[in-house]
Amino acid sequence: MSTATFVNLPVADLDRAVEFFTALGFTARPRQPGADSAQLSLGDTTHLILHTPAAFAAFAGAGVCDTATSREVIVGLGVDRRERVDTLVDVAVLAGGTSLGPGQDLGFGYMRGFRDLDGHQWSFLHAPG
(Lines give C-alpha, C1' and ligand atoms only; values in the text may rest on other atoms or scores of the structure.)
Protein backbone atom coordinates (compact mmCIF):
# COMPACT_ATOMS: atom_id res chain seq x y z
CA MET A 1 0.00 0.00 0.00
CA SER A 2 1.31 3.42 -0.91
CA THR A 3 0.61 6.09 1.69
CA ALA A 4 1.31 9.75 2.28
CA THR A 5 1.15 11.81 5.46
CA PHE A 6 -0.68 15.14 5.67
CA VAL A 7 -0.20 17.15 8.87
CA ASN A 8 -2.68 20.00 9.28
CA LEU A 9 -1.88 22.82 11.72
CA PRO A 10 -3.36 26.21 12.60
CA VAL A 11 -0.97 29.19 12.44
CA ALA A 12 -1.37 32.81 13.46
CA ASP A 13 0.58 34.27 10.52
CA LEU A 14 0.36 32.15 7.39
CA ASP A 15 3.12 33.93 5.45
CA ARG A 16 5.57 33.84 8.37
CA ALA A 17 4.83 30.15 9.01
CA VAL A 18 5.47 29.32 5.34
CA GLU A 19 8.84 31.12 5.56
CA PHE A 20 9.69 29.21 8.76
CA PHE A 21 9.00 25.78 7.30
CA THR A 22 10.68 26.68 4.00
CA ALA A 23 13.85 27.39 6.03
CA LEU A 24 13.60 23.80 7.34
CA GLY A 25 13.56 22.37 3.81
CA PHE A 26 9.84 22.17 3.07
CA THR A 27 8.79 23.26 -0.43
CA ALA A 28 5.80 25.59 -0.59
CA ARG A 29 3.26 25.05 -3.30
CA PRO A 30 1.90 28.14 -5.08
CA ARG A 31 -1.23 29.55 -3.47
CA GLN A 32 -3.83 32.09 -4.41
CA PRO A 33 -3.57 35.61 -2.94
CA GLY A 34 -5.75 35.85 0.14
CA ALA A 35 -5.87 32.05 0.58
CA ASP A 36 -6.42 30.90 4.17
CA SER A 37 -4.34 27.71 3.80
CA ALA A 38 -0.94 26.79 2.37
CA GLN A 39 0.50 23.42 1.43
CA LEU A 40 4.17 22.52 1.81
CA SER A 41 5.92 19.25 1.01
CA LEU A 42 8.94 17.46 2.39
CA GLY A 43 9.70 14.79 -0.16
CA ASP A 44 7.04 12.89 -2.04
CA THR A 45 5.02 11.57 0.88
CA THR A 46 5.17 14.11 3.72
CA HIS A 47 2.95 17.17 3.45
CA LEU A 48 2.17 20.04 5.79
CA ILE A 49 -1.04 22.03 5.45
CA LEU A 50 -1.03 25.32 7.34
CA HIS A 51 -4.34 27.06 8.01
CA THR A 52 -5.44 30.31 9.53
CA PRO A 53 -7.14 29.57 12.88
CA ALA A 54 -10.62 30.14 11.41
CA ALA A 55 -9.92 27.88 8.43
CA PHE A 56 -8.47 25.18 10.70
CA ALA A 57 -11.48 25.29 13.05
CA ALA A 58 -13.85 25.00 10.10
CA PHE A 59 -11.84 22.11 8.62
CA ALA A 60 -11.52 20.28 11.96
CA GLY A 61 -15.03 20.98 13.15
CA ALA A 62 -13.62 22.01 16.55
CA GLY A 63 -11.80 24.85 18.23
CA VAL A 64 -8.08 25.50 17.95
CA CYS A 65 -5.88 24.18 20.75
CA ASP A 66 -4.00 26.72 22.88
CA THR A 67 -0.40 25.55 22.42
CA ALA A 68 0.69 27.54 25.49
CA THR A 69 -1.20 25.06 27.69
CA SER A 70 -1.87 21.97 25.56
CA ARG A 71 -0.44 19.78 22.79
CA GLU A 72 -2.71 18.50 20.06
CA VAL A 73 0.11 16.60 18.38
CA ILE A 74 3.86 16.08 18.43
CA VAL A 75 5.23 15.74 14.92
CA GLY A 76 8.38 13.64 14.54
CA LEU A 77 10.43 13.47 11.36
CA GLY A 78 13.21 10.98 10.67
CA VAL A 79 16.48 12.13 9.14
CA ASP A 80 19.42 10.27 7.61
CA ARG A 81 22.24 11.46 9.90
CA ARG A 82 22.60 12.25 13.60
CA GLU A 83 24.31 15.57 12.81
CA ARG A 84 21.31 16.58 10.69
CA VAL A 85 19.08 16.41 13.80
CA ASP A 86 21.03 19.19 15.51
CA THR A 87 21.46 21.20 12.31
CA LEU A 88 17.72 21.24 11.62
CA VAL A 89 16.78 22.21 15.18
CA ASP A 90 19.41 24.97 15.09
CA VAL A 91 17.87 26.23 11.82
CA ALA A 92 14.41 26.14 13.43
CA VAL A 93 15.69 28.23 16.36
CA LEU A 94 17.36 30.75 14.03
CA ALA A 95 14.07 31.04 12.11
CA GLY A 96 12.19 31.90 15.33
CA GLY A 97 11.37 28.52 16.88
CA THR A 98 12.21 27.45 20.44
CA SER A 99 14.60 24.61 21.26
CA LEU A 100 13.36 22.01 23.74
CA GLY A 101 16.89 21.46 24.99
CA PRO A 102 19.86 19.34 24.04
CA GLY A 103 19.57 16.21 21.95
CA GLN A 104 18.81 12.89 23.61
CA ASP A 105 20.53 9.60 22.96
CA LEU A 106 17.65 7.12 23.20
CA GLY A 107 19.77 4.01 22.74
CA PHE A 108 18.08 3.14 19.46
CA GLY A 109 18.57 6.64 18.04
CA TYR A 110 19.12 10.33 18.65
CA MET A 111 16.34 12.92 18.97
CA ARG A 112 16.02 16.64 19.56
CA GLY A 113 12.89 18.78 19.63
CA PHE A 114 11.64 22.32 19.12
CA ARG A 115 8.44 24.34 19.06
CA ASP A 116 7.54 26.23 15.91
CA LEU A 117 6.34 29.83 15.75
CA ASP A 118 2.87 28.81 16.93
CA GLY A 119 4.01 26.49 19.73
CA HIS A 120 3.46 23.21 17.87
CA GLN A 121 5.96 20.60 19.06
CA TRP A 122 8.28 18.91 16.56
CA SER A 123 11.24 16.58 16.81
CA PHE A 124 13.87 15.25 14.47
CA LEU A 125 15.06 11.70 14.97
CA HIS A 126 17.94 9.70 13.58
CA ALA A 127 17.51 5.95 14.14
CA PRO A 128 20.26 4.05 12.31
CA GLY A 129 19.31 0.78 10.68
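What the table shows:
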{"item": "Selection count, region 92-109, where residues are within 21 Å of residue 5 (Cβ to Cβ) and in a helix (DSSP H, G or I)", "result": "1"}
{"item": "Members of region 1-18 that are assigned to a loop (DSSP other than H, G, I, E, B) and either modelled with pLDDT under 95 or among the β-branched types (Val, Ile, Thr) (or both)", "result": "1, 2, 3, 4, 11"}
{"item": "Residues located in region 19-54, provided they are part of a helix (DSSP H, G or I) and buried (at least 19 other Cβ atoms within 10 Å of the Cβ)", "result": "20, 21"}
{"item": "Selected residue (criterion: farthest from the chain's Cα centre (by Cα)) from residues of region 16-44 that are among the hydroxyl-bearing types (Ser, Thr, Tyr) and under 24 Å from residue 90 (Cα atoms)", "result": "27"}
{"item": "Region 72-129, residues that are among the acidic types (Asp, Glu) and in contact (Cβ under 8 Å) with a residue 60 or more places away in the chain", "result": "116, 118"}
{"item": "Looking only at region 110-129, and only at residues there that are outside any strand (DSSP E or B) and within 19 Å of residue 83 (Cα to Cα), the one that is modelled with the highest pLDDT", "result": "127"}
{"item": "Whichever residue in region 89-109 is of a type in the set (A, V, I, L, M) and farther than 18 Å from residue 16 by Cα and, among such residues, is modelled with the highest pLDDT", "result": "100"}
{"item": "Selection status of residue 82, at pLDDT 95 or above and in contact with a strand residue (DSSP E or B) (Cβ under 9 Å, 6 or more places away or on another chain)", "result": "yes"}
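Okay, residues lined up against (1) hydrophobic (A, V, I, L, M, F, W, C); (2) over 20 Å from residue 127 (Cα atoms):
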{"position": "7", "(1), (2)": "yes, yes"}
{"position": "26", "(1), (2)": "yes, yes"}
{"position": "39", "(1), (2)": "no, yes"}
{"position": "51", "(1), (2)": "no, yes"}
{"position": "92", "(1), (2)": "yes, yes"}
{"position": "108", "(1), (2)": "yes, no"}
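The values are calculated or read from the model by the stated rules, or taken from the named source; none is laboratory data. Source: prediction; values computed, not measured. Methodologically, a virtual Cβ is constructed for each residue, glycine included, from the backbone with ideal geometry; neighbour enumeration extends over all protein chains shown.
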